[in-house]
Amino acid sequence: MESQKPAGLLYGTASAPSGAGSLKPANMAVTYCFSRLATALVAVLLLSFGSVAASHVEDQAEQFFRSGHTNNWAVLVCTSRFWFNYRHVANTLSVYRSVKRLGIPDSHIVLMLADDMACNPRNPKPATVFSHKNMELNVYGDDVEVDYRSYEVTVENFLRVLTGRIPPSTPRSKRLLSDDRSNILIYMTGHGGNGFLKFQDSEEITNIELADAFEQMWQKRRYNELLFIIDTCQGASMYERFYSPNIMALASSQVGEDSLSHQPDPAIGVHLMDRYTFYVLEFLEEINPASQTNMNDLFQVCPKSLCVSTPGHRTDLFQRDPKNVLITDFFGSVRKVEITTETINLQQGSEIMESSYKEDQMDEEAMEPLKYAEQLPVAQIIHQKPKLKDWHPPGGFILGLWALIIMVFFKTYGIKHMKFIF
């Protein structure tokens with residue numbers, strides 16, 4: 001009896017008959033193996049493409065929220081009293097007006113004014129403070145909310161605002177309620193010297209005290225990034241002692257230099273602004289919430305040819321490159337928003353989500369382009385020439401004219417001709 005070979009041996013024996021029917025099972029096995037291999041390769045490719053797409057989305061999201069902050073705050077401080085320091089109040093109110101225009105609400109602004117120039121008896125135009133001699137732009141406005149005024153503006157209150165060490169009875173408007181996702185703008189102006197800034201001509205804050213206050217803020221997670229700007233004599237000395245991370249600082253003058261005033265107004269007898277703040281304000285008036293202007297541009301706004309002093313800045317404590325930091329990261333309250341009319345699938349790999357508004361979708365070409373509302377043309381106001389005032393004869397002019405006429409008359413006709421006149 002002939003022994004039967006196992007069926008599996010028939011598929012690969014070299015001595016098998018060379019017929020088409022005998023190779024069919026082998027071809028089917030090879031085809032099956034290739035199909036499984038192709039399926040595995042396709043799955044691997046899909047996974048790799050999916051991971052690449054996911055990483056691309058993550059990169060886009062990281063770029064979208066690159067500043068890392070979710071809210072903005074501003075602390076604006078004028079430390080000077082008395083009428084001859086009118087310009088310091090105008091400096092602070094000008095910055096206040098600019099940050100409000102760019103979106104920071106009053107609830108996120110702590111405004112400290114050491115004197116009320118708008119109601120000063122010497123003010124020829126009560127309830128107004130002007131930052132330019134053409135008297136077109138009233139920076140006091142109708143909606144100014146001063147949080148600390150007059151003798152409330154002290155070194156102690158300023159440091160308590162920064163560090164949050166204030167009494168429980170303090171109203172919300174006088175608190176800096178920031179957190180670790182807050183970008184804070186701190187602007188200070190007044191009279192200072194090498195390493196100090198005077199408050200009310202009665203006390204002073206040193207650069208060491210200010211540096212320690214910022215360190216307390218960092219330890220207590222009260223800011224994400226901080227921009228410090230100071231307009232005073234020898235302003236650069238105030239940021240020399242900073243040592244906390246994520247702080248960028250600007251000053252109007254270097255150590256040993258004075259910070260000079262600008263825009264003298266003979267009508268009220270004082271200067272209206274300081275040079276550095278004047279050119280910063282002029283720069284900010286060109287900014288809108290969608291501007292891509294960065295901090296490097298702000299560093300160049302007031303060269304020595306304009307400021308006379310040498311403005312300085314310090315960025316070594318700041319983690320980001322200033323050219324990647326938008327002006328609106330500190331001077332505005334701009335949220336990252338992308339407007340789209342396309343359907344966005346929020347669940348990766350899901351095909352069941354449909355756009356609920358697809359039927360109401362408008363044609364993009366028919367939609368009006370988005371634009372910002374017209375702002376007050378401050379840039380034009382600043383550059384225009386002062387208005388010519390109506391001419392009025394100076395005091396005593398009319399009396400002097402009559403005296404001249406009488407003298408000429410007596411010189412010509414003498415007293416003997418008076419009887420012909422009367």
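The values are calculated or read from the model by the stated rules, or taken from the named source; none is laboratory data. The structure presented is a predicted model; accordingly, all values stated were derived computationally and were not measured. In this analysis, Cβ positions are derived from the backbone assuming ideal geometry, glycine residues included, and neighbour counts consider all displayed protein chains. Side chains included, ligands, DNA and RNA excluded: accessible areas come from the protein's heavy atoms. Shrake-Rupley method; radii C 1.70, N 1.55, O 1.52, S 1.80 Å.
Per-structure values
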| item | result |
| --- | --- |
| Values of log10 I(q)/I(0), in the order q = 0.17, 0.20 Å⁻¹, for the range 155-304 under a Debye, Cα-only, solvent-free model | -1.12, -1.36 |
| Distance cut-off 17 Å, percentage of C-alpha pairs in the range 109-215 lying past it | 62 |
| Charge sum, other residues only, whose C-beta stays under 13 Å from Glu204's C-beta, Lys/Arg counted +1 and Asp/Glu -1 | -3 |
| Per residue accessible area in Å² of the range 189-332, where ligands, DNA and RNA are left out and the probe is 1.4 Å | 38 |
| Average Cα contact separation per residue, the range 125-254, under 8 Å, 6 or more apart, as relative contact order % | 22 |
| Probe 1.4 Å - accessible area at Phe130, Å² to nearest ten | 20 |
| Nearest-10 value in Å² for the accessible area of Tyr187, using the 1.4 Å probe | 10 |
| The range 209-328 - percent of accessible surface contributed by carbon and sulfur, probe 1.4 Å | 46 |
| Pairs from Lys100/Lys304; Lys100/Lys323; Lys198/Lys304 whose Cα-Cα separation, in the structure shown, is over 27 Å | Lys100/Lys304 |
